[in-house]
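Some notes on the structure that comes next.
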Amino acid sequence: MINLFINIGYVFLLINLILFIKGFSIRGKAFRVFTSYLLFVFVIQITSGVFFYFAINNLFLSHFYFVGQFVFLSFFYLTIIKNSFQKRVIERGLVFGLCLLGIQYGYNPSVFFRFNLFEIFVTSFLLIIFATFHLYNLLGKNKEFYYVNLGILIYLSGSTVLFLVGNLMTSLSPKLNKIPWILNAVLYIVYQIFILVEWNKSFSKKEINTAL
């Protein structure tokens, strides 16, 4: 069942990537940064799938995924948030998060070959703060990337809890141990659906008008 949900998530990711790439050259900086993020995630997912197919350990790719996601989405929020204080928090949060992870990997390089809960917590927690900034800024204003932002908040909040709980459940039965991973796959589908809704609400009509 988990493979089914994962594959559904991949399909939605591919659809979103294709739709966003169509408007890459005619949209603003935030749109282009987010499209680049989708492309990055797609490449990581495809590479991970190829490694899995050939029975090659792909766990190390998770580090590229979480750190890359952190960097891309930090720059995404830097482009759409105008408040100078919030921008400084994001800039310093980005540097602080990367420095923390750099220190961890420098002190204990072996963590590169393991599932790194500290990495997940640091990157996700900071992104949740950035997303909360944007959600607050949207109150009573133009809903720029509103659905994308909601998707990020829901997905990162839920997946972080599931990863932490999943780590505690590793000593339980295999069936129970799969539950957090299944729920995380479902959350990822929800996230991709929010991105699709964003494109439909904010960009699809503009695409049609441009074509006309």
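The values are calculated or read from the model by the stated rules, or taken from the named source; none is laboratory data. Computed from a predicted model, the values in this text were never measured in an experiment. Virtual Cβ from ideal backbone geometry, glycine too; neighbours counted across all protein chains shown. Note: accessible area is taken over every heavy atom of the protein model, side chains too, but ligands, DNA and RNA are not part of it. Shrake-Rupley method; radii C 1.70, N 1.55, O 1.52, S 1.80 Å.
Taking 30 Å as R0, compute the FRET efficiency from the Cβ-Cβ separation of Thr132 and Cys99 and round it to 0.05. So, using R0 = 30 Å, E works out to roughly 0.85.
Atom-type composition of the exposed protein surface of the chain places 72 percent of the accessible area on carbon and sulfur (1.4 angstrom probe). Projecting the Cα atoms of Phe85, Trp181, Tyr191 onto the charge dipole of the chain, computed from C-beta unit charges around the Cα centre, puts Phe85 farthest toward the positive end.
Rolling a 1.4 Å probe over the heavy atoms of the protein chains gives the chain an accessible area of 55 Å² per residue. Spatially, the stretch 1-45 and the stretch 115-163 are offset by 17 Å when compared through their Cα centroids.
Per residue, the average separation of C-alpha pairs within less than 8 Å and at least 6 apart gives the chain a relative contact order of 25 percent.
Listed options for percent of Cα pairs over 30 Å apart are (1) 37; (2) 14; (3) 24. The value calculated from this structure is the one marked (3). Ordering His63, Phe24, Gly102 by the projection of their Cα atoms onto the charge dipole of the stretch 1-205, which places +1 on the Cβ of Lys and Arg and -1 on the Cβ of Asp and Glu, puts Phe24 at the extreme positive end.
Peptide packing: for 119-127, 1-9, the average count of neighbouring Cβ atoms within 10 Å per residue gives the ranking 119-127, 1-9, highest mean first. When the listed pairs Lys82/Lys205; Lys82/Lys141; Lys29/Lys87; Lys22/Lys201; Lys143/Lys201; Lys22/Lys143 are checked against a 18 Å cut-off, the alpha-carbon distance exceeds it for Lys82/Lys205; Lys22/Lys143. What you get for the chain, charging only the Cβ of Lys and Arg (+1) and of Asp and Glu (-1), is a dipole of about 500 debye around the Cα centre.
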